[in-house]
Amino acid sequence: MPPGRFRSPRTAKSIGTNRALLLCLRSPRIAALALFLFVLFSFRAINNLPASVSPEDQDANLLKSLGVPVGIELARDLDKMYGRDIFIDGIDRCERFRSSVPAKDRFVSAAGMYNTGTHVIFSYLDKYCELPGKDQTKVKNARDKLRKDAKIQEVMDSGILFETYWGKHKHVTDRGNVVTLPKYEGMPVDNLLPVVMIKDPFTWLSSMCRNPYNWLEGRHYLEDGTQCPNLVENDEPVPVNVIYSMRKDRAQRPDMKFDSLVHMYNQWYSEWHDAKFPRLIVRYEDLLLHPEEITNRVCTCAGGHWSPNHPFELVSQKAKKYGTGLEGALARYGNATKRIEDFTTANLEFAKRHLDQKLFKKFHYFLP
């Protein structure tokens, strides 16, 4: 272009672009840097991301993502251990349940291994979830008649049940074969949506040591002070006996024996995971950190809605006499050290080697 001739913006831009391309061709380092910047800014533009997020904003976003009041240090620990995303297995089966069961006939119940939060999920659903087709006046009158200190605050007319018909801690293979209480006699199993609670197996193993329920050896360990978890001795797994017949007022399945407490966990949850009928499997940790969101999703799955005039409140009291309450649970389950502090090296390695990796990965738990 002759000197002094006016350059249009388009012409000037074209010349600048050509010079930049020539410079990139002469210098591989500049070319690599240019490519990196192009990809970075393109990604931010597509995802509408800010140029940068300050550490303060990151902490604020983390605290905002949780449904419970915690300090930032505990929030960071919880985020590292369990992430921020809620995971519910079986949510894709909700429509099948709603379309196949008339609203007035639907029931929802808690299920899960011992020490997995079944009391808590029942308490939240019972208080905040109203299922369609239920006589809410009748439900309210029944609730008013319940003593506040009643062990089970179940009102069957609400559709929210304390347990499955065959017992909330029992195997899914008992479905349709065992009815624990007369009040559940004749109720179709297909009308029930079980909400199965699952817990990080490492914290669950320690929970079973603190409160063994029907685990026979665990009761003895509490009495004589045996190391627990006690999974392996002399390179052999330590068998587990579960006595389902401890309560004579309930119909029970036969007692069972497992190769170890880890094998018991694997079998119980594998059976539920592989079940084809509508059911939800909810992480205990998600219920602990996002109780309102979990309650809402489960209720919506069954076609229910939030109970009016009931602003959400956390279950901060002990769900049962041996529970630790909300604050204690947050402190315990948000601590990676406490997660495995009860394990000897041999027991820890046994657990890592024998836990069902399909389940472990499916529910986003991590090996210590």
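Observations on the model:
- Criterion applied to Arg76, Arg106 was being over 22 Å from Lys170 (Cα atoms) and basic (Lys, Arg), and the one residue passing it is Arg76.
- Test: residue in the range 298-316 that is of a type in the set (A, V, I, L, M) and at pLDDT 95 or above: yes
- Only residues that are in a helix (DSSP H, G or I), within 14 Å of the chain's Cα centre (by Cα) and not hydroxyl-bearing (Ser, Thr, Tyr) were counted in the range 250-288, giving 5.
- Within the range 64-112, the residues that satisfy the criterion of being over 14 Å from Asp190 (Cβ atoms), among the hydrophobic types (A, V, I, L, M, F, W, C) and assigned to a helix (DSSP H, G or I) are Ile72, Leu74, Ala75, Leu78, Met81, Ile91, Cys94, Ala103.
- Count of the range 163-205 residues which are part of a helix (DSSP H, G or I) and out of contact with any Gly (no Cβ under 8 Å at 6 or more places or on another chain): 12
- So Met208, is it under 30 Å from Ala336 (Cβ atoms), in a helix (DSSP H, G or I) and not charged (D, E, K, R): yes
- Count - residues of the range 264-305 that are more than 22 Å from Phe202 (Cα to Cα) and touching a strand residue (DSSP E or B) at 6+ places or on another chain (Cβ under 7 Å): 12
- From Pro291, Pro212, Pro237, residue being over 18 Å from the mean Cα position of the chain (by Cα) and buried (at least 18 other Cβ atoms within 10 Å of the Cβ): Pro212
- One residue from Ser42, Ser27, Ser14, Ser65 being small (Gly, Ala, Ser), farther than 30 Å from Cys299 by Cβ and at pLDDT 60 or above: Ser27
- Within the range 170-195, considering residues that are modelled with pLDDT of 95 or more and touching a Ser or Thr at 6+ places or on another chain (Cβ under 8 Å), the one farthest from Thr116 (Cα to Cα): Asp190
- Looking across the range 331-366, the residues that are aromatic (Phe, Trp, Tyr) and buried (at least 16 other Cβ atoms within 10 Å of the Cβ) come down to Tyr333, Phe343, Phe350, Phe360, Phe363, Tyr365.
- Only a single criterion out of (1) more than 30 Å from Ile91 (Cα to Cα); (2) surrounded by fewer than 19 Cβ atoms within 10 Å (Cβ to Cβ); (3) modelled with pLDDT of 95 or more; (4) touching a Ser or Thr at 6+ places or on another chain (Cβ under 7 Å) is not satisfied by Glu271, namely (1).
The values are calculated or read from the model by the stated rules, or taken from the named source; none is laboratory data. In this text, all values refer to a predicted model and were calculated from it rather than measured experimentally. Please note: Cβ atoms are built from the backbone with ideal geometry, for glycine as well, and neighbour counts cover all protein chains shown.
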